[in-house]
Structure formats: C-alpha cells, structure tokens
Amino acid sequence: MKDDLLKEILSSNKSEAGSSVPKITKIGTQKRKGRYNIYLDEEYAFPVDEAILIKFSLHKGMEVSEAFREELESEDGTRKAYVRSLNYLNYGLRSEKEVRDDLAKHDFSDAADEVVEQLKEQGYLDDLMYAESYTRTGANVGGKGPRVIKQELKKRGISEEYIEKAAEQYPFDQMVENGVQLAEKVIRRSGQYSSRETNNKLRQNLMQKGFDADIITQVLEEVTVEKEEDEEYAAIKRQGDKIWRKQAKLKGYKKAQKVKSSLFQKGFAGDLINQFIEEKEMEDQAE
C-alpha cells in the first residue's frame, strides 16, 4: 500500500513538472550523524534521516510536491521512532508494552504499531523470549520467588500464556534452594528473636518474596529455626532488658506482669520468662 502511495506521489511530481513545485536546492548535513537538512528553493524546509534520503533517492533538482513532502516527513517520523526504540532496546531486553510506553513518552505513539511490527520481524522484540530471560534472571540473580516474578511480568504486559511458559525456566528445586538461602539470612539476623518469632518472620519474609506455601513448607524442613536453650535465653535477655527499662515507672507485680505479657507475645516460653523476671527483680533489689 505504501509503495502504491509512493508511486502516486512520484507520478504527481512528474505531472507537475514545469509548474511551481519546489525543488531541492541543497542537502546539508546536521551535527547529528545520519541526519540531513533539506532546502527547497534555497530555503530550509525539513530534516530527514539518511535512510529516508537513500530510500527516496533525494537529490538536488528533485521536485517535492506538498503530498511528497508530507510523505517524507511521515516516513522520517517513523524512522526517528524506530531509532529511538533501537536505542532503548540497546540497554537490555524489553517487552512490547515497555517499548510502546517509551514511544508514547517521547511523542511517537502514532508510529508505535509500525515500529513494533518491524522490531518483531527483525527479532528485536519477542515477549516470550523476554519473559523467559526475566524469569531466569529473577531466579538466578535476584533469588525472587515465582509469584513475584509472575506479578512483575504481568505489569510489563506479558500475556498469561507466556508467563506460564516462562515459569518452566524456574524449577521447583531452585525455588527451594533460593528459599533456603533467604531463610538462612533471616535466621542469622534473628539473634534477638524467639524461635517462634523467628519462624513467623521467616514465613512472612518468604511470602513477601513471592514463595508459595508448598515451597515454604519444604524450606522450613531444610533449615534449623529452633534455638538452643542458651541462645533462646540470650534472645530473651536482649529484648527483655529493653522492655524492663521502658517499664521503669512501674513497680513490683504490675511491672513483672507487663514485661511477662510483652515477652509472651514475642514467642518466648513461660519458664524462660519467669527466669528472666526473677533475675531482673533480684538485680533491682540489689541496687
């Protein structure tokens, strides 16, 4: 269809020969590589890309009707949109939605359909390939859970079909391995927490990172959350000392009950809480 339009425009140019149709009198280079300025009848008229210059064989003395000029400017706009997308893709794989959003951001919405189709034909744009690569990166580098990866792909405009196909790039064993690594980090930072609170934080963290219940169950079977008695007491001391100081205005039974309630909510066992409170009361009496 475009070829027919081009023939019509060129034919129109020929039929207007000898009339007042402007002629190209100069083709000047811009500072930007691959861009040229077209002068009609000694006056600057419009810019074009080198690809447009070659495609239409623009040269000095060539007549440019109004219809031909509009075609050149339209083609140049599409070319600029295409080059913009190539530069955008140069930084990494993109989804079709991301490319369209970038074109809209730079006022190239009108050329989006044509540019996207061209990029697909040339193999620069492939949502399935993008989804598979994104899934592998999220699993291998980011250690993300599968649910988070799926949500992120959906935001990037990937279809449900492609999301499910891409999920095959993230096997169950790797999910468990990533979950275990995350769990071990949580456990290393849990010195001040009770075993029960550590377990709760671990589950919450894994869920926030996008791991499903079956993965979390498997992870908990492969890590040690339960603390030794001395570690548990060290944890109650860390938290208990802070709570005891905060309740400095209270005395006797009221203070002991307030501290006991707070430590119980944090998952510590009753016998350890009683031991801690007895020690603190003895310290207070000794002062």
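What follows is calculated from the coordinates using simple rules that are stated; it is not laboratory data. Remember, it's a predicted structure, so these values are computed and weren't measured experimentally. FYI the Cβ positions are ideal-geometry reconstructions off the backbone, even for glycines, and counts take in every protein chain you see.
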Any hit, region 198-206, residues being charged (D, E, K, R) and either loosely packed, with under 15 Cβ neighbours inside 10 Å or outside any helix (DSSP H, G or I) (or both): no
Members of region 114-159 that are surrounded by fewer than 19 Cβ atoms within 10 Å (Cβ to Cβ), more than 11 Å from E96 (Cβ to Cβ) and in contact (Cβ under 8 Å) with a residue 60 or more places away in the chain: G143, R147, V148
Lone unmet requirement of (1) more than 11 Å from K280 (Cβ to Cβ); (2) assigned to a helix (DSSP H, G or I) for K255: (1)
Tally, over region 258-287, of residues that are more than 49 Å from the chain's Cα centre (by Cα) and in a helix (DSSP H, G or I): 12
